[in-house]
1. For the protein assembly as shown, what is the convex hull volume of the alpha-carbon atoms per residue, in Å³?
2. Let me know the volume per residue of the alpha-carbon convex hull for chain B, in Å³.
3. Less than 24 Å apart at the alpha-carbon level, and either on another chain or at least 8 residues along: which lysines does that give for A:Lys49?
4. How do B:Asp7, B:Asp24, B:Asp63 line up, fewest other C-beta atoms within 10 Å first?
5. Enter the Cα centre distance for the pair the stretch A:20-39 and the stretch B:15-32, rounded to the nearest angstrom.
6. Give me the Å³ per residue figure for the convex hull around the C-alpha atoms of chain A.
7. If you count, for every residue in B:95-103, the Cβ atoms of partner chains within 10 Å of its Cβ, what is the mean?
8. Compute the FRET efficiency between B:Ser58 and B:Asn18 as 1/(1 + (r/R0)^6), taking r as their Cβ-Cβ distance and R0 = 25 Å, and round to the nearest 0.05.
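Values quoted throughout were computed directly from the atomic coordinates according to the rules given, and no laboratory measurement underlies them. Note that the structure is a prediction, hence the values are computed from the model and not measured. Because the Cβ atoms are built from the backbone with ideal geometry, glycine has one as well, and the counts that use them run over all protein chains shown.
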Amino acid sequence: AQSVTQLGSHVSVSEGALVLLRCNYSSSVPPYLFWYVQYPNQGLQLLLKYTTGATLVKGINGFEAEFKKSETSFHLTKPSAHMSDAAEYFCAVSGTGGYQKVTFGTGTKLQVIP
Amino acid sequence: DTGVSQDPRHKITKRGQNVTFRCDPISEHNRLYWYRQTLGQGPEFLTYFQNEAQLEKSRLLSDRFSAERPKGSFSTLEIQRTEQGDSAMYLCASSSQGNYGYTFGSGTRLTVV
């Protein structure tokens, strides 16, 4: 079974500063990895995903994440935070091939300070 | 493509009552999922349909919960004899075979009083 651990339930950054949200995964086989964003009282929106190929994945809204097998990590970054980035971010993992259930982390709430 | 629709958006019910939620997935998506999210937590898997077949159910889904997807189109999630612990956001998502990454609806927030 796969799982993810998100380090830090709350992260605060100043507008214009680097955003770094941490995610480590646990899996006995190479997994698929995802980042989702959730705005208040909304569903989740897929930011980016890693399945195969390039380990640096670019997503929407200027976010990117790098799959590091040696560190079992999939941290989410954005060079310059914008006020509209304030939301909750979820890292998620699944197995590969055919149907594989997606398991979510507990989330990191990002606050952007003007 | 109108996205994944969930109805209602909010439901307040008295303990012991039955409730039913509906999810309309993206029409081309043959896979449909239900998740439950409580405050401060990530979504927890409840059940999965491929077309009309329910292929996986979580142990979280007690006997009071039932889900259907007749004809492989919309899905319903029913909770019988609701309890206060059922209060949560119920999220529906869909995907197409071979496309990894779900499209979520806006959820139904259930409050049991």
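1. Numbers: hull volume 28.0 nm³, N = 227.
Output value, Cα hull per residue: 123 Å³.
2. On the way: hull volume 10.8 nm³, N = 113.
It comes to 95 Å³ per residue, whole-number rounded.
3. Here the lysines satisfying the reach criterion relative to A:Lys49 are A:Lys58, A:Lys68, A:Lys69, A:Lys78, A:Lys101, A:Lys109.
4. Details: B:Asp7 14, B:Asp24 18, B:Asp63 7.
Ascending Cβ contact count within 10 Å gives the list B:Asp63, B:Asp7, B:Asp24.
5. After rounding, the separation between the Cα centres reads 26 Å.
6. Working: hull volume 11.3 nm³, N = 114.
So the per-residue hull volume is 99 Å³.
7. Working: counts 3, 0, 2, 1, 2, 11, 11, 9, 4.
Partner-chain Cβ atoms within 10 Å, mean over residues of B:95-103: 5.
8. Values: r = 20 Å, r/R0 = 0.81.
It comes out at approximately 0.80.
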